[in-house]
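Novice: Attaching a single structure in C-alpha cells format; questions to follow.
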Amino acid sequence: MASRITKFSKTIVPMMDRVLVQRIKPQQKTASGIYIPEKAQEALNEGHVIAVGKGLVTQDGKLIPSELKEGDKVLLPPYGGSAVKVDNEELILFRESEILAKIQ
C-alpha cells in the first residue's frame, strides 16, 4: 500500500482542506471460497487516505491544519466527493468536513 500512496500522491495534490481517498474494495469471495457477484457485493464506506491538503484557511487568514494524514483509514459518507481516475484506479476527493470518522 505504501507504494500506491507514493504513486498517487505524486500525481494529485489536494488543495486546501481536500482529502484524496481510495475506497476499500469489497470482499470478492466468502470464507468458504464462493465468489460473490459484483451486483451482490456491498459497497464499503471505508477508505484509505492517499493524500491530504494543507488545511482550511479561516477568514482571518489562519491555517487550521488537517487532522488526517496519509495512510489513515476513514469512514466515508455513502454519497458525495468528486471521483477521479488515475491509472485505472478510482479515487475520490472529499472535503475534510465530509469525512465521517477516522478508524483506529
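The values are calculated or read from the model by the stated rules, or taken from the named source; none is laboratory data. All figures in this text were calculated on a predicted structure; none of them were measured in a lab. Using ideal geometry, Cβ is built from the backbone for each residue, glycine included, and neighbour counts are taken over all protein chains shown.
Novice: Examine segment 34-41 for a residue that is modelled with pLDDT under 65, small (Gly, Ala, Ser) and within 21 Å of LYS102 (Cα to Cα), and state whether such a residue exists.
Specialist: no
Novice: Here is a list of conditions, (1) in a strand (DSSP E or B); (2) farther than 11 Å from VAL19 by Cα; (3) touching a strand residue (DSSP E or B) at 6+ places or on another chain (Cβ under 7 Å), and LYS85 meets all of them except one; can you say which number that is?
Specialist: So the condition that LYS85 fails would be (3).
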